[in-house]
Each structure stands twice: as C-alpha cells, then as structure tokens.
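The values are calculated or read from the model by the stated rules, or taken from the named source; none is laboratory data. Computed from a predicted structure; not experimentally measured. To get the accessible areas, we keep the full protein, side chains included, count just its heavy atoms, and leave off ligands, DNA and RNA. Shrake-Rupley method; radii C 1.70, N 1.55, O 1.52, S 1.80 Å.
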Amino acid sequence: CAFPRTPKAAQARAQGGLLVGPAWIWDCQRLQRRLPVRAYLLDGAASSSSDGEGAEEATPPEEATPPMETTPPRPA
C-alpha cells in the first residue's frame, strides 16, 4: 500500500490484513525471497492486533519459501 489512509487500506485493516509499504515488495524482489513484514508495516497497520504480535504471520517460515536459484549470465 502506498498510502495508509485510503479506503482500500481501511478495508484491508478491517479484514485483519497487514499493510506494508512498496519498499517491502522491492526488497523481496531484490533479495529473491519473502522478507518479514514487521520492518515494513505502515503507520497504524499494527493496530489490527493489540500488541503488534502476529505481524510475522503473513510471512511463511523460511523453509517454506526457499530462495530462488539464479544462474550466472552466459557470455555472448
């Protein structure tokens, strides 16, 4: 979510969702793995749980999402 105060963000919160900023998507792509969301939560997103616990529930365990294998580029 780019902005935390939109109707779509409010709807996601109401349904128990977590809101992360675009940096989470870019960093996951750059590192080729799903990162924990806690550092990327938008303001007010943690209010969907009383003490902020559960923020990691959106991220599966590391063994469930192995890093993608990359192959070096072939010489032209």
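How large a share of the accessible area of region 1-46, in percent, is made up of carbon and sulfur atoms when the probe is 1.4 Å and the other protein chains stay in place?
On the way: 1890 of 3150 Å².
The computed percentage sits at 60.
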Please list the non-local residues whose amide H lies under 5 Å from the amide H of residue 20, H modeled 1.01 Å from N, same-chain partners needing a gap of 5 or more.
42
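Once fully extended, how much extra length lies between residue 30 and residue 14, figured as 0.36 nm per residue of separation less the alpha-carbon to alpha-carbon distance?
Numbers: separation 16, 0.36 × 16 = 5.76 nm, distance 3.03 nm.
That works out to 2.7 nm of additional length.
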